[in-house]
Structures are given as C-alpha cells and as structure tokens.
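To start, the structure itself, in structure tokens.
The values are calculated or read from the model by the stated rules, or taken from the named source; none is laboratory data. All figures in this text were calculated on a predicted structure; none of them were measured in a lab. FYI the Cβ positions are ideal-geometry reconstructions off the backbone, even for glycines, and counts take in every protein chain you see.
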Amino acid sequence: MPVTIVFLLAMVVLAVASIQVRKAEIAVIYLGIFSLFNAIFYLFYSAPDLSLAEAVIGSALATALFLVAIKGYTLRRTQIKSEYRSPKMRLALFGELFWGVVFLTIGFIVISFYFGTVQDVGKPAWYHYVRSFISDTGARNAVTAIYLNYRVFDTLFEALLLLVGILATAYFLEWPEGKEPEEEIATKPDSEIVARISGLLYPFILLYGFYIIVNGHLTPGGGFQGGAILASVFIIRYFAQRRLGINIFILQRLEKSFFLGIIALSMLLLLPEFMNSDFKVFHLVLMNILIGFKVCCGLAILFFCFIFQQTKVEDTKGRSERG
Amino acid sequence: MAELVSFIIFFLGLYALVVKRSVIKSIIALVLMETAVILYFVSGGFEEGKLPPISDALPEQMVDPLPQALMITAIVIGISSTAVALAMYSQLHRKYGTDDWKKLMKIRLEEDA
Amino acid sequence: MSELVGNVLMGVALVFMTCGVYGIFRFRHFYLRILISSKVDTVGFITLTAGIMVKSGLNFFTLKVLIIVVFFVLTNPLATHSIARSAYKSQYPLPEDDV
Amino acid sequence: MIFEQVILWVLAILAVALTLRAVLGPTPWDRILGFNLLSAKIVMIIAICAFILKKSYLLDVALIYSLFSFVGTVIIARFVEKRD
C-alpha cells in the first residue's frame, strides 16, 4: 500500500536523529520508535511473523538492554557542550563532514550499480514452497513450515547462537561464582498502581504467550515470539515485585536442557517412517513449545545479567562516595 | 522505494560506525545496519497486492515465505549479538571510565608501554 | 445503517485524535501535554474501535477487537501514569499559573 | 473501502506528527510521551488494516503491540528517572 512511504520517511528521519543526537539515552528512545515504524512496515509488506518479532525485540527488549547498560554511565550535558566549542572539536566536526561526503558518494555509486544491473531470475523456491507446504508439513503458516521443517538446521544453529550469546554475556558481565544471585537482586518497586495492575495482568499475558506458542503453526507467531512474551512477564515482575524469587543458575540449566530437547526432537525428521501426517502437526507444536521455553529462559537471563551488573555498579559507586 | 531506503539506512550506519567516536553510537550503528539488511530482504520478497503466507489465501497470492523465515533467524541472532556488544561495552566503561574510542586507544597504548 | 453509524464513529474518533495531537503541540508545559495524552487518546481509541465493531457486526473479529480495547483501557493510563511519575520523581518543575 | 483508506492516511500523518514531537521534545519525558502515543496510533493502524483485509490474525499482532508498548514505556520511564 502507498501508506508505507510515510513510514519509510519517518524511519530515515529517526535513523539520522539517533545517530546525530548527543545523549545516548535519547538515541536509544529514537531507536525504539524506529523499530516500531520498522515493524509496522513489515506488516504492510505481508510479513506478520517478522512484524511480531521486531515489535517484541525492538521496542521493549533491546531498548531495555541498552538502557540498563548505559544507566549511570552517561556524561553530563554541560561537559559535552563545552567540549564542542573547542577548536579541536571543530576540526573533528570537519572530519565528520568529510567522511559523510565520502560515504554518500560510495552509497550513490553502489545504488547506481544495483539499479543498473538488477535482473529478475524468477522464483522457483517460492513456487515449490507455496504449492506444497500444507501437504508436506501439516502447518498452515508457510514461515513456520520453513523454519521448523524444510530448513530446521537454520533454526538449530540460531538456537545455538542465542545460547552462545547468552553464555558470552554472562561471562563478560562476570557472573559471581558460587553465590546465590537471587539474594543479590534487590528490586526497587515501582508505584503501587503499576504493581497492582500488572499483578492483575500476569495470568493473561502468560495465557497469551502460550496461545501464540501453541498456535504458531496456524497463525503468525511461533516459538520465538511467544517465548519473548513469556520473558516480558519476568521483566514486568522486576518492575512490580519487591522480591524476585528467581535463580539464574536453574534458568541456565533449563535453557541448556531445552536446547538438547530441540536437537533430539528435530532428529526425528530423519526417520521418514515415523513422520505420518498426524505426528507431523504434533511435532510442530512440540518444537514450538520447546523453542518458546528456551527463548523465554534465554531472554530472562540476558535481562537479569544486565540488571545484576547495574546494581553492582551502583553499589560500588555508593561505597566510593561514602568512603 | 523500500530498497532505496534500506541502502540509505545501511550507509548511514556505516558512516556512524566509521566517524562517531562514542562506543554506544557504534553499537547503535550496528543495529541500524542489521535492520537495513532485514528490510532489504523483506522488500525483495514482496510484490504489490500479495497476501501473508497463511493458508487462507490462494498459493498464487502469497508472498515469498523463504526470506521471512531466514530473517526471523537474523533478528534472533541480532539481539544476542547486541547483548554481547553491550556487555563488552559495560565492562570497558567500568574498567577505563570513558566512552570514546580515541581516548580508549590512548589509554591502552600507555598501558602497553 | 450500521455502515453509516460505523463511518460516523470513525470520523468522530479522527476528530478527537487530531485534537489530541494539536494539544500535544499547543501546550507549553509537559504536565498539560500528558493530561491530553491520557484522556483524548483513550477516548479516540475507544471510539475508533467501536466504529470497527459496529461495521463488522457480531463475529469472532469483533470479540478480538473487544479484547484489545479492554487491554488498552487497562494499560494506557498506567503507562501515562508511569511517565508522569518518572518526571515528577526527577524534580521536573510543576507548571505556573499561566497556561 | 475508500473511507478506511482515508482513515489510514490520516492516522499515518498523525503518527508522523507524533514522531516530530518525539524528535523535537525538549525533555526525555516528552519523547517517551511521543513513543506511547505513537504506539497507540500504530495499534489503531493495524486494527484498520485487519478490517480492510478481513484477516483476524492481524489482531493478534495489534494485541502484542499494545502489550509491548506498555512494557517498553514502563521500562524507559523507569530507567530515564533520576532519583537523587
């Protein structure tokens, strides 16, 4: 539809703004709005699965990770302003302008090459997938059919990469060995109204996450999006509750065992006599549930790693100011 | 139109990656570039008037589901790589107390010498 | 008939929301802007979805729209409240008498 | 269907106006306000789009948008807050 031009223009404006603004917090807010526009654009381009994933990731989780990581580190505004007036900074601004012109030129050359040589090669894969995905896999959503049946190894490596990313994050943030982290995370509860109403909302959000996971092969959504919704319950809990009864080590073990389950279950695709038409749909639902739980554990671990790091930084700051 | 915009956003990200001296701006630039690539793939699989690939549409009316399935993978990998980058940034800032690539390089060189 | 009623409701909702956006730009102070957002926008949303519900008749679609409206009416004032609370806790000054 | 198309255009233009508020807004809280109102507009755009295409599964997307705009607003508001 022609409305998408408006969204594209807003996206370009927000990208420029988030690069050029000085304060990092504000750049992150711009990035959140950018990803909202991005997701609505995907929806208009007939990709509701992608739209769900981008909305879940971009506007809430990535924004939260950025904000927790830069909290307490942002420079004071006055300091930056006085830095901008010095002649050294003027030279730096001139350098920025120069590199901007260079990159505009390179981009223009690449675009002219692209639009000069693009050719239509047809869509044989599209024809095959769209014709036969219902009879081959039993799914009603072609995207789920592809990432859980035709190209399941992609999904396996994606899950592995998420696991490795989470392990690397926990490693870099120096998770304390042997201590019980649930004692360390002390939350500062939000206002009473938010706490009460989000307490009312938990069961519905959980129910909705399970609905998205289990219906992943029929409607847009699936394991990843539903798992992110379940992880958002943890995030809301952090803001609402006084005490978090969460043990991160148990979550990590659960994530690894869910990953093993995904590998074992996807190996069943190698046994064709086992996969009759009833079992295919059951297999899809089971895979979606496992992926959902794995992603839920993983994203919750990511969020709490950063939260733990931030509380540690605030503790050391307070100690150095006091002492 | 969408392809053009994805090129523009990609080169904006590349520009910020090269020019900007703040570490957090570099991570934001990485996110922008990744978004631009996803945008390009999605707009490449779409034609005007096509419907989402869900079975209540006719097969001839559906868009190409393959780029979408691949790009969901890309979004998941994007969030994990962003998280790793942010964790590294956090430790870097805690250790050296600055947000500037040039100052960081200077401090590291003095440490080595 | 239901077509006409739905169209009228949608048009009224558009007027509400345009007023809300105008107010976001017209008022000079943050707390007045946030008042606009918490009231006019919720009313606009309810009116627009009422128009959609009237136009589509009684079916599954209407039920889903109703769920969205209930969820939105629960959460939008809450989000606005948390923004205003955050501003107030950070010593954002309260407005003077002139508006 | 022309009337719905007009509503879609008007909502898109309102969304761009709110983006302007978010970009211009002098304080971080103005920007968060822009984010919140913008996500409400986008939920409406999805509802209208689902009505035009007569696809009820697009309303799932709208519900997730309203949920995650709420979560995102609460998160940003909490972390932008400067308490002493």
**Asked** Mind checking whether some residue in region C:62-69 is under 24 Å from D:Leu53 (Cα atoms) and within 13 Å of the chain's Cα centre (by Cα)?
**Response** yes
**Request:** Mind listing whichever residues of region D:30-65 are of a type in the set (S, T, N, Q) and in contact with a Phe, Trp or Tyr (Cβ under 7 Å, 6 or more places away or on another chain)?
**Result:** D:Ser39, D:Ser56
**Request:** Among the candidates B:Leu17, B:Leu30, B:Leu12, single out the residue that is over 24 Å from B:Pro65 (Cα atoms), surrounded by fewer than 18 Cβ atoms within 10 Å (Cβ to Cβ), in contact (Cβ under 8 Å) with a residue 12 or more places away in the chain and aliphatic (A, V, I, L, M).
**Result:** B:Leu30
**Request:** Give me a count of the residues in region B:10-27 that are at pLDDT 85 or above and under 17 Å from A:Trp99 (Cβ atoms).
**Result:** 10
**Message:** Return the residues of region B:68-113 that are β-branched (Val, Ile, Thr) and either at the interface with another protein chain (Cβ under 7 Å from one of its Cβ atoms) or assigned to a helix (DSSP H, G or I) (or both); say none if nothing qualifies.
**Reply:** B:Ile72, B:Thr73, B:Ile75, B:Val76, B:Ile77, B:Ile79, B:Thr82, B:Val84, B:Ile107
**Residue that is surrounded by the fewest Cβ atoms within 10 Å (Cβ to Cβ) [pool: residues in region B:71-107 that are under 19 Å from A:Thr63 (Cα atoms) and β-branched (Val, Ile, Thr)]** = B:Ile77
**Message:** Among the residues in region A:198-206, are any surrounded by fewer than 24 Cβ atoms within 10 Å (Cβ to Cβ), more than 10 Å from chain D (Cβ to nearest Cβ) and more than 23 Å from the chain's Cα centre (by Cα)?
**Reply:** yes
**Request:** May I ask you to list the residues in region C:27-61 that are of a type in the set (Ser, Thr, Tyr) and either more than 15 Å from the chain's Cα centre (by Cα) or farther than 19 Å from D:Asn36 by Cβ (or both)?
**Result:** C:Tyr31, C:Ser56
**Complete:** Of the residues in region A:34-54, those that are under 17 Å from B:Glu34 (Cβ atoms) and more than 8 Å from chain B (Cβ to nearest Cβ) come to A:Leu36, A:Phe37, A:Ala39, A:Ser51
**Fill in**
Over region A:15-29, the set of residues more than 7 Å from every other protein chain (Cβ to nearest Cβ) and surrounded by 24 or more Cβ atoms within 10 Å (Cβ to Cβ) is A:Val28
**Asked** Given the conditions (1) more than 7 Å from chain A (Cβ to nearest Cβ); (2) crowded, with 24+ Cβ neighbours inside 10 Å; (3) of a type in the set (Val, Ile, Thr), which single one is not true for D:Ile42?
**Response** (1)
**Item:** Of all residues making up region C:30-46, the number that are closer than 16 Å to C:Asn7 by Cα and buried (at least 19 other Cβ atoms within 10 Å of the Cβ)
**Value:** 2
**Message:** Suppose we filter region B:32-45 for residues that are more than 8 Å from every other protein chain (Cβ to nearest Cβ) and within 22 Å of A:Ala69 (Cβ to Cβ); how many remain?
**Reply:** 2
**Prompt:** If you scan region C:17-31, which residues turn out to be touching a residue at least 60 places away in the same chain (Cβ under 8 Å), assigned to a helix (DSSP H, G or I) and out of contact with any Phe, Trp or Tyr (no Cβ under 7 Å at 6 or more places or on another chain)?
**Reply:** C:Tyr31
**Request:** Would you check if there is a residue in region A:158-171 being in a helix (DSSP H, G or I), of a type in the set (D, E, K, R) and either farther than 22 Å from A:Asn247 by Cα or modelled with pLDDT of 80 or more (or both)?
**Result:** yes
**Request:** Assess whether A:Pro176 counts as being outside any helix (DSSP H, G or I), within 11 Å of another protein chain (Cβ to nearest Cβ), modelled with pLDDT under 85 and under 21 Å from A:Ile307 (Cβ atoms).
**Result:** no
**Asked** Do you know which residues across region B:99-113 are basic (Lys, Arg) and free of Cβ contacts under 8 Å to residues at least 40 places away in the same chain?
**Response** B:Lys103, B:Lys106, B:Arg108
**Message:** For region D:15-36: of the residues being among the β-branched types (Val, Ile, Thr) and surrounded by fewer than 23 Cβ atoms within 10 Å (Cβ to Cβ), which is farthest from C:Val12 (Cα to Cα)?
**Reply:** D:Thr27
**Request:** Check D:Gly72, D:Gly25 and return the single one that is at the interface with another protein chain (Cβ under 7 Å from one of its Cβ atoms) and over 10 Å from the mean Cα position of the chain (by Cα).
**Result:** D:Gly72
**Prompt:** For region A:253-294, how many residues meet the condition of being aliphatic (A, V, I, L, M) and outside any helix (DSSP H, G or I)?
**Reply:** 2
**Message:** Looking only at region A:275-298, how many residues end up being farther than 17 Å from A:Phe153 by Cα and in contact with a Leu (Cβ under 6 Å, 6 or more places away or on another chain)?
**Reply:** 3
**Prompt:** Condition test on D:Ala12, is it buried (at least 23 other Cβ atoms within 10 Å of the Cβ) and within 22 Å of A:Val16 (Cβ to Cβ)?
**Reply:** no
**Request:** Report yes if some residue within region B:45-67 is assigned to a helix (DSSP H, G or I), surrounded by fewer than 21 Cβ atoms within 10 Å (Cβ to Cβ) and hydroxyl-bearing (Ser, Thr, Tyr); otherwise report no.
**Result:** no
**Message:** Yes or no: region A:106-120 includes at least one residue that is closer than 24 Å to A:Val295 by Cα and among the polar types (S, T, N, Q).
**Reply:** no
**Complete:** All conditions in (1) over 24 Å from A:Lys71 (Cβ atoms); (2) part of a helix (DSSP H, G or I); (3) at pLDDT below 75 are true of A:Ile250 except (3)
**Request:** Using the structure shown, decide if B:Ala29 is small (Gly, Ala, Ser) and more than 8 Å from chain A (Cβ to nearest Cβ).
**Result:** no
**Asked** Is it the case that C:Glu96 is touching a residue at least 40 places away in the same chain (Cβ under 8 Å), more than 8 Å from every other protein chain (Cβ to nearest Cβ) and either within 30 Å of D:Lys54 (Cβ to Cβ) or of a type outside the set (A, V, I, L, M, F, W, C) (or both)?
**Response** no
